[in-house]
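J.: One structure, as structure tokens, below. Some questions next.
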Amino acid sequence: MTRPFLTKMRAVTGRYSPIPAILVGMVLLMSAARAQEAAEERFWHQWRGPYASGVSKFANPPLEWSEKTNIRWKVEIPGRGSGTPVVWGDRLFVLTAVPADAALSESHAPLGGRTLRLHRFVVMAIDRKSGRTIWERTAREEIPHEASHPDNGTWASSSAITDGEHVVAFFESRGLYVYDMDGKLVWQKDFGHKRMRNQFGEGTTPALHGNRIVLVWDHQGESFITVLDKRTGNEIWRARREEIDSWATPLVVDYAGRSQVIASGMNRLRSYDLETGEIVWHSKGLTMNPIPSPVAADGLVIATSGFAGNDLKAVRLADAHGDITGSSAIVWSLNRDTPYVPSPLLYDGMLYLLKTNSAILSVFDAKTGTPHYQLQRLTNLGEVFSSPVGAAGRVYITDRNGTTLVVRHGPKFEVLASNHLDDGFDASATLVDDEIYLRGYRYLYSIGTH
């Protein structure tokens with residue numbers, strides 16, 4: 001492509017010009033960047049999907065399924081994990097904690113009412129078409145130092161993250177591991193042991209933004225937030241946090257030429273500059289045990305929690321500087337019926353919230369807080385730990401007993417379908433192309449109509 005043009009330039013000027021080669025390089029870099037952005041929007045490459053909001057703009061998953069219909073494949077995953085499956089290209093990645101041979105672990109005394117056993121902490125790459133395991137890596141093998149939450153039952157609650165070049169696997173007290181797409185370990189880092197209140201267990205997923213990995217480490221010891229170089233694991237900055245246990249994934253928002261990291265906390269809700277760690281803005285915190293991850297769109301950040309109280313804050317970034325407690329930067333708030341475990345779904349300006357962990361749904365105008373409908377009971381659903389997801393004008397809500405209710409996206413409540421599988425589900429669904437992936441206590445399902 002460049003040689004004829006260079007030859008022509010030489011005929012005119014008597015010499016080759018480096019400018020066309022530079023321009024070609026710039027075009028190639030821009031094309032690669034656009035391709036990366038397109039892939040990030042198409043694939044469910046992180047917890048809460050392409051936009052960290054629970055939404056795919058391009059997926060068109062099926063409306064109905066059962067154990068006998070629209071199951072492309074169903075494979076058993078060893079051990080237990082409650083992280084969302086993440087997808088890039090023809091591969092799907094899951095994390096799991098697999099108990100080792102019982103003879104090696106049954107001698108260990110119970111802690112928190114449960115027996116701590118030797119586990120393998122495993123990263124799996126799975127072929128999307130067949131469900132075949134492409135590669136499997138044991139990141140670490142050890143006996144956990146603390147019990148997991150009795151309602152969760154796993155030490156692999158985090159979701160993997162991928163950018164098409166790296167796979168980030170966070171096992172918290174068992175370390176952070178970064179692999180290439182073929183399963184070669186690039187680097188690893190150990191942050192020590194978390195000490196969680198009442199041994200409620202761990203379950204925070206980092207955020208990946210460009211070449212930066214953002215990790216929040218809130219627990220009963222010294223809490224902090226840190227940013228690492230994705231390529232090397234080198235720490236770029238670390239800031240101390242006056243916080244106890246939290247589980248929310250940090251949210252990175254690009255606004256007005258600056259990347260901000262939004263991190264929930266019981267004491268303070270904070271925004272950090274991604275590059276420096278400087279506090280951009282902060283406000284009074286949420287409730288104890290902040291678990292739902294913040295969401296953002298159109299210059300608005302919404303953070304919520306729902307243990308031992310209820311809290312929601314909608315922050316307008318244009319007005320958010322310094323301490324915004326009680327200021328106009330908080331454009332609306334809510335002190336009832338907010339989620340405990342499930343994260344909110346922010347879909348085309350509508351905010352979907354489940355009350356605590358129950359099948360009771362409210363939908364608000366995200367900008368104003370005006371309710372479209374509130375406290376709508378979802379029939380056929382039981383307790384819900386997974387977070388609602390949305391695509392193709394539909395909202396999918398999966399309970400712990402294997403039932404997924406499909407609701408029409410919009411200001412009026414309408415049930416479109418109710419689907420049941422013979423497994424339990426804490427992991428949130430993944431929506432890519434014409435498929436939905438559901439990771440159960442035992443099986444991983446690929447659901448599609450073709």
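J.: Among the listed residues 348, 319, identify the single one that is within 25 Å of the chain's Cα centre (by Cα) and acidic (Asp, Glu).
T.: 348
J.: Still on this model: Answer yes or no as to whether residue 305 is surrounded by fewer than 23 Cβ atoms within 10 Å (Cβ to Cβ) and touching an Asp or Glu at 6+ places or on another chain (Cβ under 8 Å).
T.: no
J.: Kindly evaluate residue 385 against the criterion of being of a type outside the set (Val, Ile, Thr), out of contact with any Gly (no Cβ under 7 Å at 6 or more places or on another chain) and part of a strand (DSSP E or B).
T.: no
J.: Do any residues in the stretch 36-49 that are touching a residue at least 60 places away in the same chain (Cβ under 8 Å) have Cβ atoms under 6 Å from those of residues that are aromatic (Phe, Trp, Tyr), where the two are at least six apart or on different chains, and which pairs are they?
T.: What qualifies is 42/58; 43/88; 45/88.
J.: Do the conditions hold for residue 151, that is, is it surrounded by fewer than 15 Cβ atoms within 10 Å (Cβ to Cβ), part of a loop (DSSP other than H, G, I, E, B) and touching an Asp or Glu at 6+ places or on another chain (Cβ under 9 Å)?
T.: Here the answer is yes, as residue 151 does meet what is asked.
J.: For residues that are surrounded by fewer than 15 Cβ atoms within 10 Å (Cβ to Cβ) and small (Gly, Ala, Ser), scanning just the stretch 30-87, find the one that is modelled with the highest pLDDT.
T.: Across the stretch 30-87, the extreme among qualifying residues is 66.
J.: Scanning the stretch 179-209 for residues that are in contact with a Phe, Trp or Tyr (Cβ under 8 Å, 6 or more places away or on another chain) and of a type in the set (S, T, N, Q), which turns out nearest to residue 153 (Cα to Cα)?
T.: Only one residue tops the list, namely 204.
J.: Can you list residue pairs whose Cβ atoms sit under 9 Å apart, with the first residue in the stretch 405-425 being under 18 Å from residue 353 (Cβ atoms) and touching a residue at least 12 places away in the same chain (Cβ under 8 Å) and the second being of a type in the set (Asp, Glu) and not in a loop (DSSP other than H, G, I, E, B)? Count only pairs 6 or more apart in sequence or on different chains.
T.: The qualifying pairs are 411/365.
J.: Oh, and also: Across the stretch 309-360, what is the number of residues that are among the aliphatic types (A, V, I, L, M), out of contact with any Pro (no Cβ under 9 Å at 6 or more places or on another chain) and under 20 Å from residue 410 (Cβ atoms)?
T.: Going through the stretch 309-360 one residue at a time, the tally reaches 3.
J.: Also: Just name the residue that is surrounded by the most Cβ atoms within 10 Å (Cβ to Cβ) out of those in the stretch 127-147 that are at negative phi, in a loop (DSSP other than H, G, I, E, B) and over 20 Å from the mean Cα position of the chain (by Cα).
T.: 144
J.: Return the pairs, sorted by first residue and then second, in which the second residue is surrounded by fewer than 18 Cβ atoms within 10 Å (Cβ to Cβ) and among the aliphatic types (A, V, I, L, M), the first residue lies in the stretch 332-346 and is free of Cβ contacts under 8 Å to residues at least 40 places away in the same chain, the beta carbons are less than 7 Å apart, and the residues are 6+ apart or on different chains.
T.: Matching pairs, first to second residue: 337/375.
J.: Could you look through the stretch 50-74, keep only residues that are among the aromatic types (Phe, Trp, Tyr) and part of a loop (DSSP other than H, G, I, E, B), and pick out the one that is farthest from the chain's Cα centre (by Cα)?
T.: 65
J.: If you check residue 282 against the conditions, is it closer than 20 Å to residue 249 by Cβ, surrounded by fewer than 22 Cβ atoms within 10 Å (Cβ to Cβ), in contact (Cβ under 8 Å) with a residue 24 or more places away in the chain and out of contact with any Cys (no Cβ under 8 Å at 6 or more places or on another chain)?
T.: Spelling it out, residue 282 is indeed closer than 20 Å to residue 249 by Cβ, surrounded by fewer than 22 Cβ atoms within 10 Å (Cβ to Cβ), in contact (Cβ under 8 Å) with a residue 24 or more places away in the chain and out of contact with any Cys (no Cβ under 8 Å at 6 or more places or on another chain).
J.: In addition: Residue 368: under 30 Å from residue 258 (Cβ atoms), assigned to a loop (DSSP other than H, G, I, E, B) and in contact with a Lys or Arg (Cβ under 6 Å, 6 or more places away or on another chain), yes or no?
T.: no
J.: Also, quick follow-up: So which residues in the stretch 228-245 are out of contact with any helix residue (DSSP H, G or I) (no Cβ under 6 Å at 6 or more places or on another chain), farther than 20 Å from residue 168 by Cα and surrounded by 16 or more Cβ atoms within 10 Å (Cβ to Cβ)?
T.: Once the filter is applied, which keeps residues that are out of contact with any helix residue (DSSP H, G or I) (no Cβ under 6 Å at 6 or more places or on another chain), farther than 20 Å from residue 168 by Cα and surrounded by 16 or more Cβ atoms within 10 Å (Cβ to Cβ), the stretch 228-245 yields 239, 241, 243, 244.
The values are calculated or read from the model by the stated rules, or taken from the named source; none is laboratory data. Bear in mind that the values here come from a model prediction, so they are computed numbers and not experimental data. Every residue, glycine among them, receives a Cβ derived from its backbone with ideal geometry; neighbour counts consider all protein chains shown.
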